[in-house]
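Written out below as structure tokens is the structure these notes cover.
No lab work stands behind these numbers, since they all come straight from the coordinates. Please read these numbers as outputs of a predicted model, since none were measured by experiment. Quick reminder, even Gly has a Cβ in these numbers, built from the backbone with ideal geometry, and neighbours come from all protein chains shown.
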Amino acid sequence: MLPSYKYIFFAALICVTLSLSAPARVFWTRPAPRGHVVLETTLDWKTIYTSAVRINDGQGKLSIIGCNETLGTVMTKLRQAYASCEMLEAFRQNETLGWARMREGNTIVTLLALAPTPGLAPNAPEQTMLFVLTQAPSDFDKSRLPPSAPHLRDPPPYPGSRAQTYLTSEESQIQLEIYAAAAAPEAVRQYYESALLGQAWTRLDPAGAYASLAIYQKGSELCALLVLPAGGAESTITVLHKRLKME
């Protein structure tokens, strides 16, 4: 799979869910044609979100497209549309995911297509969510490396943790950072629980309702914390910080 980009796009899906009230550019009809024609002219493909993003130390543009077609159909059309491009990561697909990366002109295009998990919504219409990240080659190279330093300061990083991925959208007022820590998940959760409550954050979800996920709020700010085991005594920490649009 695409090394860190798999996690970046999953994180972006969370960001979009939490950013519907933010001043990002949201479209329910096709924008003026740009980029590859398949993304602009395919019937029943709708751009539902687009925003400038920063990934680690590189810039880019993320678009999310809703497709009223099966994952297989979407992937077939993408393969045909990008057939003339230089492939950097060949098209691959399983039951719920499709991905690829190519060079199109002077840009690097990374694609990730997500289909609903079979069995969760057996009567739902066939749909696919397509994530399209476009970057200049220099920004792409910067995004492949871990961030030069942690960016989030509230809440502060877990002591001794290593920043692995940083994602932000200025329009959506969202920052997301992923860390690796040589600590058990329970110790990490206790640290953040103490740090956040000590800084006047209020936990929104019932304590213990979800073993891995916790959500906090302070005024117009929202913080979602996901802590997962990463083998041995290691943990993967995902912190999403969002400023809510308060009317």
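Placing dummy labels 7 Å off each Cα toward the beta-carbon, the span from residue 59 to residue 106 is 1.3 nm.
Ranked by how many other Cβ atoms sit within 10 Å of their own Cβ, fewest first, the residues 145, 225 fall in the order 145, 225. Among 205, 57, the order by Cβ neighbours within 10 angstrom, fewest to most, reads 205, 57.
If you wrap the tightest convex hull around every Cα atom of region 162-243 and split its volume per residue, you get 87 Å³. A straight chain from residue 138 to residue 202 at 0.36 nm per residue would run longer than the Cα-Cα distance by 19.0 nm.
For region 214-247 versus region 75-112, the spacing of their alpha-carbon centroids is 31 Å. The value of relative contact order for region 162-243, using C-alpha pairs under 8 Å at least six residues apart, is 33 percent.
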